[in-house]
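Here's the structure we're looking at; comments come further down.
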């Protein structure tokens, strides 16, 4: 028996992330971080968390799916306390990756894919994303290196927006979260408005909000406490493997219109 549900206009629930990184070293306001998290409360009804370490602040709204206990609280710290993650998504092969990481000596305190992602980054660095089969938008802060890693899944299922305002870097699952920071105002980006009116879509990394960009699908960016702006990098390609044991047949009765 199947149950059909119709969208009634109510907000859909999912996890949400937000964060601040002042690369000039100015301390993050906890009050601002809480506002950035509170405005996306609809994304995560089960839990809310904040982490502040000087010039870095991470926030998370959690929809608990895999491990419903408090062990899945985010932002989550690694066993060493050096890495901190805020994460939105689902890694479908997390159990296989968990087994690989256990064989390499990693230990786990929860049954979440969040902790698997965190340990994968600790083991393999940014290249860990090449091993992920799933959808995700995530940020990992390295406290020792004072660097922030931001990544988005191959197909861009999970949204990640960011704004670079001088030395201030903001990011979030939704633009309105970032607008809670006093440094960013809701101004229209005229070039992108023209692009939208021309093509009925946006094909660049910009958005209709001035100074706000979207992290492209399959890209990541690493930022440190320096004045050099890093460009998002595509480093985990999409590959399709067709099994030799499967015979593909064409149904001539199907017509496709482009």
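The numbers here are math on the coordinates, done by the rules we state, and not lab data. Treat the numbers as computed from the prediction; the structure is a model and nothing was measured. Cβ placement follows ideal geometry from the backbone for every residue including glycine, while neighbour counts extend to all protein chains displayed.
Calculated over segment 64-167, the projected area of the Cα convex hull averaged across directions stands at 6.9 nm². What residues of segment 130-145 lie in the reach of a label at residue 109, counting those whose backbone N is under 14 Å from a point 7 Å from the Cα along Cα→Cβ? Output list for this probe position: empty. Using 0.36 nm per residue and subtracting the Cα-Cα separation, the extra length available between residue 217 and residue 71 on full extension is 49.6 nm.
Subtracting the Cα-Cα distance of residue 26 and residue 204 from their residue separation scaled by 0.36 nm leaves 61.0 nm.
For segment 158-222, what percent of Cα pairs sit more than 14 Å apart? Looking at segment 158-222, the distances longer than 14 Å represent 57 percent of pairs.
A crude spin-label estimate for the pair residue 190 and residue 34, with each label 7 Å from Cα along the Cβ direction, gives 4.0 nm. How high is the FRET efficiency from residue 197 to residue 167, r the C-beta distance, R0 35 Å, rounded to 0.05? That pair, residue 197 with residue 167, gives E of 0.55.
Entry for segment 16-234 at q = 0.07, 0.09, 0.15 Å⁻¹: log10 I(q)/I(0) = -0.20, -0.34, -0.95, Debye formula applied to identical alpha-carbon scatterers, no solvent contribution.
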